[in-house]
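What follows is a single structure, written as structure tokens, with notes after it.
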Amino acid sequence: MKLLDDATSLTDDLTRLRRDLHRIPEVGLDLPRTQEAVLAALDGLPLEITTGTGLTSVTAVLRGARPGPTVLLRGDMDALPVTERTGLSFAAPVDRMHACGHDLHTTMLAGAARLLAAHRDRLAGNVLFMFQPGEEGFDGAGHMLAEGLLDAAGERPVAAYALHVISHTWKSGVFAARGGPAMAASNVLEVTVRGAGGHGSTPHRAKDPIPAACEMVTALQTWISRSFDVFDPVILTVGTFHAGTQSNIIPDTATFRATVRSFSDAARARLREGTVGVCEGVAAAHGLTAEATFFEQYPVTVNDPAEAAFAAGTVQEVHGEERYAPMENPILGSEDFSRVIDAVPGAMIFLGATLPDADPDTAPANHSPLAAFDEAVLPDGAALYAELAMRRLAAAAESPAGAVAP
């Protein structure tokens, strides 16, 4: 229990750092104030620190007292373009918000660095701390991998772990994970429908792109429901739709943008071809044209079964069996940590952070302007990060191949 006790003693410091980060949310790959706060939190620790060149990442290596392999721990740092409505005393005074809890992730990872640095003598190997910008649609993990993240300690990690807080679904302090697919692949469909503008009173003299675009939105939903196995789920949600300037003007174009989620390579390939075909077909039926482009963002987040089981066992030993909830089904959200655990066996672990007086079934979800997180989980998350690294290095020392038993 030593690491958990030590983490609990850091509660005030962790809470202060989380609130400082919450007040300065930054979006995308360039997070200068956040990076500065992280570097200040790590100052004085025996870490080899490097920062990104194409993004404001922070990579830190802690070398243990004894030689051994490397374990990677990830915390994402970026916020969202959401105007906060939580009413918190430390709410962000700008049109950006830490609505997905990345301020907690960053804080817990910084806390883990302090814990592990204090117990360096127990480490048989290295811990690689990955403080990542740009998770929210900017592929920060991909950029960090391209800049050599996995070789920062001199050799590739044998395992990688990330925590993600959830403002709903699970009670505060409950950890959850599963082996295999844990989160969906994300893709984007962008469509521009081209017609011919005119006066709203004489639509027969124009080629109105709006009804065609509206029909595409509903046709896509119908096509998905008739074309995919319900046990290999696919979700398409149109998030933006733009057309026109005034009620009596038929515009030349209408555009919309959708997020498309899937769990298999076969489904993703069919979506790539089928969504474009549906849009072009509807446009042709209206005598119009459509420019439809399907972009692949993040792959499916696939937890290594052995690493997920190892994480589950660690939670149960450190926090108690009642604090672990096996996930029956994956989550349809997406993560660029998928790129890391495509290259290194690892696991994404979820941590319930629902406010104590809120119902997990109805509490505002991540990405909501009302999303709020229970800060009481900060020491628990920091302790789990540290325990995962320490125990995984110890397990690697016992296994010539560096793997954990499935």
> Which one of these does Leu88 not meet: (1) outside any strand (DSSP E or B); (2) under 23 Å from the mean Cα position of the chain (by Cα)?
Replying inline: (2)
>> Looking at the structure I just gave you, is Glu280 without any contact (Cβ under 8 Å) to a residue 24 or more places away in the chain, open to solvent by 60 Å² or more (accessible area, probe 1.4 Å), in contact with a strand residue (DSSP E or B) (Cβ under 6 Å, 6 or more places away or on another chain) and not hydroxyl-bearing (Ser, Thr, Tyr)?
In response: yes
>> Please pick out the residue among Leu55, Leu45, Leu17 that is open to solvent by 20 Å² or more (accessible area, probe 1.4 Å), of a type in the set (A, V, I, L, M, F, W, C), modelled with pLDDT of 95 or more and in a loop (DSSP other than H, G, I, E, B).
In response: Leu45
> Which one is nearest to the chain's Cα centre (by Cα) among residues in the range 129-147 that are among the hydrophobic types (A, V, I, L, M, F, W, C) and surrounded by 24 or more Cβ atoms within 10 Å (Cβ to Cβ)?
Replying inline: Ala141
> Of the residues that sit in the range 295-334 and are farther than 27 Å from Ala396 by Cα and open to solvent by less than 30 Å² (accessible area, probe 1.4 Å), which one is farthest from the chain's Cα centre (by Cα)?
Replying inline: Pro299
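For the subset of the range 366-385 comprising residues that are small (Gly, Ala, Ser) and over 20 Å from the mean Cα position of the chain (by Cα), which member is most open to solvent (accessible area, probe 1.4 Å)?
Step one: list which residues in the range 366-385 are small (Gly, Ala, Ser), which gives 368, 371-372, 376, 381-383.
Those left that are additionally over 20 Å from the mean Cα position of the chain (by Cα): 376, 383.
Numbers: Ala376: 64, Ala383: 0 Å².
If we take residues in the range 366-385 being small (Gly, Ala, Ser) and over 20 Å from the mean Cα position of the chain (by Cα), then Ala376 is most open to solvent (accessible area, probe 1.4 Å).
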> Looking at Arg205, Arg226, which is the one that is without any contact (Cβ under 8 Å) to a residue 12 or more places away in the chain and in contact with a His (Cβ under 9 Å, 6 or more places away or on another chain)?
Replying inline: Arg205
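I'd like to verify a number: residues in the range 20-31 that are open to solvent by 60 Å² or more (accessible area, probe 1.4 Å) and more than 18 Å from Asp95 (Cβ to Cβ), how many? Before the answer, list the steps.
Quick first cut of the range 20-31, residues open to solvent by 60 Å² or more (accessible area, probe 1.4 Å) only: 20, 23, 30.
From what's left, more than 18 Å from Asp95 (Cβ to Cβ): 20.
Of the residues in the range 20-31, 1 are open to solvent by 60 Å² or more (accessible area, probe 1.4 Å) and more than 18 Å from Asp95 (Cβ to Cβ).
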> From the list Leu236, Leu271, which residue is assigned to a helix (DSSP H, G or I), of a type outside the set (Gly, Ala, Ser), under 27 Å from Glu335 (Cα atoms) and touching a residue at least 24 places away in the same chain (Cβ under 8 Å)?
Replying inline: Leu271
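The values are calculated or read from the model by the stated rules, or taken from the named source; none is laboratory data. All of these numbers come straight from a predicted model, not from anything done at the bench. Cβ atoms come from the backbone with ideal geometry, glycine included; neighbour counts cover every protein chain shown. Ligands, DNA and RNA are stripped out before the accessible areas are found, and what is left, the full protein with its side chains, is counted by its heavy atoms. Shrake-Rupley method; radii C 1.70, N 1.55, O 1.52, S 1.80 Å.
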